[in-house]
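Values in this text are rule-based calculations from the coordinates and carry no lab data. Quantities reported herein were computed from a predicted structural model and do not represent experimental measurements. Positions of Cβ are backbone-derived with ideal geometry, glycine not excepted, and every protein chain shown enters the neighbour counts.
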Amino acid sequence: MKQVGLVYHPDYLYHDPGEHPENAARLQRVLDLLEEMGTKQRLVQVKPRQATVTEIAYVHRLAYIEEVKRFAEGGGGHFSIDTSGSPQTYDVARLAVGGALSGLDAIMMGLDSAFALVRPPGHHAFPGEGMGFCFFNNVAVAARYAQRRYSFERILIVDWDVHHGNGTETIFYGDPNVLYFSVHQSPFYPGTGHIDDVGWGEGQGFNVNVPLPAGQGDAAYRHVFQEILLPVGREFQPDLVLISAGQDSHFADYLGGMQVTAAGFGELAGMVRQVADEFAGGRVLAVLEGGYSPPAMAASVLSILSRLGDLDLKIPEDTSGLQESPDELARRRVAEVKAVQRHFWKNL
Ligand SMILES: [Zn+2]
């Protein structure tokens with residue numbers, strides 16, 4: 001059995017965007033389900049610290065960090081067109097980044113993997129701009145922290161959130177040591193994530209986008225992971241694997257249009273773990289991104305934890321009536337991605 005950490009702090013509930021899909025109920029439901037299923041005792045509880053300004057500045061501009069601070073001090077409200085906050089937002093956002101860093105520290109002190117149940121999410125945050133409910137890019141800071149604090153060279157970021165992680169892509173676009181892999185719905189918010197966006201300069205080939213049409217489920221995602229993530233991951237040979245774990249690609253999610261099941265997320269986590277087991281000493285850190293249907297999100301997180309820790313949990317989910325669309329479109333898209341990425345990866 002593997003030792004899995006759960007990173008959580010009650011203060012994560014205090015970032016308050018008002019009447020908004022990204023709300024505290026999302027985390028509460030996950031905790032309730034873990035409690036109900038008796039899973040909490042089987043996880044190692046990790047208490048996060050706040051990230052320092054210096055750490056956040058590995059990725060973000062100091063002026064922007066200051067802007068988020070002043071926004072919160074001014075009482076919050078609307079930060080950008082789709083992103084809001086409250087007086088607690090700056091402190092909670094620093095604690096969210098710190099959650100990713102503490103998860104990594106716990107792995108380095110002996111855990112096999114960890115899930116950071118944090119909010120606000122991060123993958124739409126740019127060095128100097130916040131959008132898509134995100135302020136600081138939790139996963140991106142964790143990748144830089146892993147390189148600086150633990151001298152890891154190559155880091156693989158797997159992003160299965162239904163939305164493309166435009167912030168993360170931008171941050172590492174010219175970097176050959178951080179491979180960003182995203183499977184997302186397209187066309188969809190935020191409008192980025194095209195197949196031909198492969199990185200620039202030395203970073204060419206280290207950005208892999210798999211845009212899928214709406215309606216794709218477990219079979220299509222499995223196909224994407226088997227055909228692209230596994231061969232590319234094995235060629236890249238990461239020292240650490242980070243997951244931008246957004247469960248808004250679940251079939252019950254009301255923001256996304258995909259059909260992934262909770263069991264499906266477990267399967268994806270299992271394939272990520274395969275790469276980590278082969279090259280990264282099994283080190284996987286999952287960090288929460290989206291996921292807006294609390295029951296679906298809770299079942300999905302449980303399924304991911306179960307797979308990361310070999311916990312063999314029974315996942316409470318009713319998938320009857322779920323009709324997965326034929327994945328012919330997805331297969332074609334996968335072939336297109338492989339044709340583009342073959343220039344950089346001989347395993348493809
Ligand atoms: Zn999302």
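Viscosity 1.306 mPa s, temperature 10 °C: what is the translational diffusion coefficient of the chain from Stokes-Einstein with a Kirkwood Rh over Cα pairs, rounded to a whole number of µm²/s? Approximately 81 µm²/s, per Stokes-Einstein.
Taking amide hydrogens as placed 1.01 Å from N in the peptide plane, the amide H of Ile243 sits under 5 Å from those of Val158, Leu285, Ala286, Val287, each at least 5 positions away in sequence or on another chain. Put the Cα centre of region 201-215 next to the Cα centre of region 107-131 and the gap is 20 Å.
Between the beta carbons of Met1 and Phe344, assuming R0 = 51 Å, the FRET efficiency works out to 0.85 to the nearest 0.05.
Using 0.36 nm per residue and subtracting the Cα-Cα separation, the extra length available between Glu36 and Arg61 on full extension is 4.8 nm.
Pulled fully out, how much extra length does the chain show between Glu73 and Gln45, if you take 0.36 nm times their separation in residues and subtract their Cα-Cα distance? All intermediate terms of the calculation are to be shown ahead of the outcome.
Details: separation 28, 0.36 × 28 = 10.08 nm, distance 3.09 nm.
Result for the pair: 7.0 nm of gain on full extension.
Fewest Cβ neighbours within 10 Å first, please rank Asp248, Asp196 accordingly. Final ranking by Cβ density, sparse to dense: Asp196, Asp248.
3J(HN,Hα) couplings calculated from phi for region 183-193 with the Karplus curve 6.51 cos²θ - 1.76 cosθ + 1.60 (θ = phi - 60°) are, in sequence order, 10, 8, 6, 8, x, 5, 4, x, x, 9, x Hz; Gly and Pro show x.
Taking the beta-carbon count within 10 Å as an exposure proxy, list Lys346, Lys47 from fewest neighbours to most.
On the way: Lys346 8, Lys47 11.
Ordered from fewest to most neighbouring Cβ atoms within 10 Å, Lys346, Lys47 come out as Lys346, Lys47.
From the helices alone, meaning DSSP H stretches of at least four residues, give me the mean residue ellipticity at 222 nm for the chain, per-run term -39500 (n - 2.57), in deg cm²/dmol to the nearest 500. For the chain, the value works out to -11500 deg cm²/dmol.
Amide H contacts of Phe126: Met131, each under 5 Å away and 5 or more positions distant or on a separate chain (H built 1.01 Å from N in the peptide plane; Pro and chain starts excluded).
Simple point charges give the picture: +1 on the Cβ of Lys and Arg, -1 on the Cβ of Asp and Glu, and for region 217-288 a dipole about the Cα centre of about 80 debye.
Starting from region 11-83, pick out the GluC sites (Glu not before Pro) whose DSSP state is loop and whose Cβ has at most 12 other Cβ atoms within 10 Å. Mind showing how you got there, number by number?
Details: sites: Glu19, Glu22, Glu35, Glu36, Glu55, Glu66, Glu67, Glu73; in loops: Glu19, Glu22.
In loop regions of region 11-83 (DSSP not H, G, I, E or B), the sparsely surrounded GluC sites (Glu not before Pro) are Glu19.
Counting neighbouring beta carbons within 10 Å and listing from fewest to most, the residues Met258, Met108 come out as Met108, Met258. Shown here for region 130-207: GluC sites (Glu not before Pro) in loop regions (DSSP other than H, G, I, E, B) with at most 14 other Cβ atoms within 10 Å, namely Glu153.
Go ahead and run the numbers for FRET between Trp200 and Asp312, Cβ-Cβ distance against an R0 of 56 Å, rounding to 0.05.
Values: r = 44 Å, r/R0 = 0.78.
That pair, Trp200 with Asp312, gives E of 0.80.
Sparsely packed loop sites in region 237-276 (the chymotrypsin sites (Phe, Trp or Tyr not before Pro) outside DSSP H, G, I, E and B with at most 11 other Cβ atoms within 10 Å) comprise Tyr254.
Can you tell me how region 239-313 classifies by the Cα gyration tensor, rounded, prolate or oblate, using a/c under 1.5 as the rounded cut? It would help to have the intermediate numbers written out before the result.
Details: a/c = 2.41, a/b = 1.83, b/c = 1.32.
In terms of gyration-tensor shape, prolate.
Annotation: amide H of Gly76 has no partner in the under-5 Å range at sequence separation 5 or more or interchain, hydrogens built in the peptide plane. Backbone phi angles across region 308-313, fed through the Karplus curve with coefficients 6.51, -1.76 and 1.60 (θ = phi - 60°), yield HN-Hα couplings of 5, x, 6, 7, 6, 7 Hz in residue order; Gly and Pro are listed as x. Thr170 sits among other residues whose Cβ lies under 12 Å from its own Cβ, and their net charge, with Lys and Arg +1 and Asp and Glu -1, is -4.
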